[in-house]
1. Non-local amide H neighbours of Y57 (under 5 Å, H modeled in plane, Pro and chain starts lacking H): which ones?
2. Give the calculated FRET efficiency between E380 and I173 to the nearest 0.05, with a Förster radius of 25 Å applied to their Cβ-Cβ distance.
3. Using the Karplus curve 6.51 cos²θ - 1.76 cosθ + 1.60 with θ = phi - 60°, what ³J(HN,Hα) values do you get for each residue of region 76-84, in whole Hz, with x for Gly and Pro?
4. Say the cut-off is 21 Å between C-alpha atoms; which of K176/K198; K51/K92; K22/K198; K22/K92; K92/K123; K176/K236 go over it?
5. Suppose a student asked you for the relative contact order of the chain, using Cα pairs under 8 Å spaced at least 6 residues apart; what percent would you report?
6. Name the long-range amide H neighbours of S28: under 5 Å, sequence gap of 5 or more, or other chain; modelled H, no Pro or chain starts.
7. Using the Karplus equation 6.51 cos²θ - 1.76 cosθ + 1.60 (θ = phi - 60°), what ³J(HN,Hα) coupling, rounded to whole Hz, does each residue of region 269-277 give in order, writing x for Gly and Pro?
8. Quick one: which of 282-294, 351-363 comes out on top by average Cβ neighbours within 10 Å, and what's the full order, highest first?
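Quick note: the coordinates plus some simple rules give every number you see, no bench work behind them. Bear in mind that the values here come from a model prediction, so they are computed numbers and not experimental data. Cβ coordinates were reconstructed from backbone atoms using ideal geometry, including for glycine residues, and neighbour counts include every protein chain displayed.
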Amino acid sequence: MQLKKTLPKLISPALKESQHVKSVLVVSYYAPSRGHAGGLRLLDLYAEIRKLRPELYLVLVTFEQADQDLQEMGCERIFDEIFRIPLSQMHKGFADEIPFRQADFDLVDLQYHQCGKLINASKQHWPLATVNFSPMESQLRACGILLTSNLLYLLGNVRTLCASVWHAAQELIHVKAADRVVTVSDSDRAAICHFKSKEQVFCIPTAVSRREFPKINAIASATQPVVVFFAYFGSKTNEEALLWYCQNVHPLVRSAVGSYRLRVVGRDLDPNLRSTCTLSGIDIVGTVETVQEALSGAAIGIAPALSGAGIRGKIHQYAMHGIPCVASSIACESLSYIHGESILVANDATSFADACISLLKDDQQRTALGRRAQQVCFTEYSWHSMADRIADAYLL
């Protein structure tokens with residue numbers, strides 16, 4: 001008797017999303033970590049998912065090769081299985097040799113832009129699963145912001161523009177291929193909704209991390225006139241912002257406040273940029289284990305983004321410590337902080353420097369602004385308040 005060969009059925013997204021998930025595979029280009037905003041977001045997001053659905057089967061696959069101890073980060077309390085595989089395995093057969101205890105998943109969550117290229121492979125490997133794409137920072141929106149820059153800036157940054165257009169084109173392909181897209185800001189969601197049905201695009205803003213800040217009402221006390229820039233410097237947006245601040249703002253602040261220092265904290269700082277920014281009054285700290293270590297004793301936090309999109313977790317991290325922030329309008333777009341009340345917004349070098357100088361010289365203003373920022377942060381950006389958004393995006 002000859003067996004009839006049948007083709008696999010095509011499963012519609014509506015059918016795949018008709019039931020609550022029981023198992024989730026998280027594939028993250030960067031490992032969950034307390035050392036940067038994206039990694040901390042992952043830890044908190046999935047801790048909240050675990051709290052909402054304790055019985056859910058959660059598996060983490062990460063490609064990063066840093067020396068972070070995932071057990072120390074608390075991942076083993078969140079995920080049932082954890083696999084760390086080499087970057088060379090980041091291709092369509094990435095899952096073939098991973099010894100999962102269970103073979104099927106109801107939802108696959110691909111975190112970061114780089115994992116977008118695994119969407120089709122995930123659909124082929126788990127045809128019944130809903131595939132979420134979580135780009136962290138929308139390249140489509142970042143490219144749109146860049147294209148609205150003045151002509152002289154664009155002419156002087158042709159390479160940056162070409163790279164931005166290329167990454168935006170990649171994201172467009174990923175957005176079209178995924179069943180659902182999860183963004184980190186309403187502005188990112190609005191940009192992506194131009195290319196995908198709004199019913200398939202969700203926003204879960206980055207909330208504050210209680211694991212990092214156990215003393216809810218504590219206000220940090222500045223021990224010295226230090227301005228801190230805490231960021232992930234593998235991001236071109238943060239590299240550009242650091243270079244701009246060091247070259248254009250730092251000299252102005254230093255001439256007005258002689259004892260002022262800039263503290264640069266974050267991973268993956270390019271050696272050439274490190275050399276360029278190693279100036280008098282600038283301390284390059286690099287990677288730290290915790291947010292507290294990065295911000296300890298600082299008077300002001302800065303978020304001088306000139307372009308880009310995605311997470312502005314550093315603003316929340318400053319606010320949680322009661323540290324006032326000076327930010328560009330791009331950096332705080334769609335956030336609930338109000339200029340002059342809970343944040344200072346400045347977009348050119350002179351006004352940015354003036355804002356920093358004002359806060360460094362006025363203890364009372366600095367304390368009041370930091371306290372109000374902390375109140376906004378606790379009120380508007382707790383993970384508990386995101387429960388409904390999380391349940392909708394992850395079919396809980």
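1. Counting only residues 5 or more places away or on other chains, the set is S23, V24.
2. 0.15
3. 5, 8, 9, 9, 7, 9, 9, 10, 10
4. From the list (K176/K198; K51/K92; K22/K198; K22/K92; K92/K123; K176/K236), the Cα-Cα distance tops 21 Å for K51/K92; K22/K198; K22/K92; K176/K236.
5. Over the chain, the number comes to 16 percent.
6. Counting only residues 5 or more places away or on other chains, the set is V61, T62, F63, Q111.
7. Listing the rounded values in order: 6, 4, x, 5, 5, 4, 5, 5, 8 Hz.
8. Details: 282-294: 16.8, 351-363: 19.2.
The densest-packed peptide leads the list: 351-363, 282-294.
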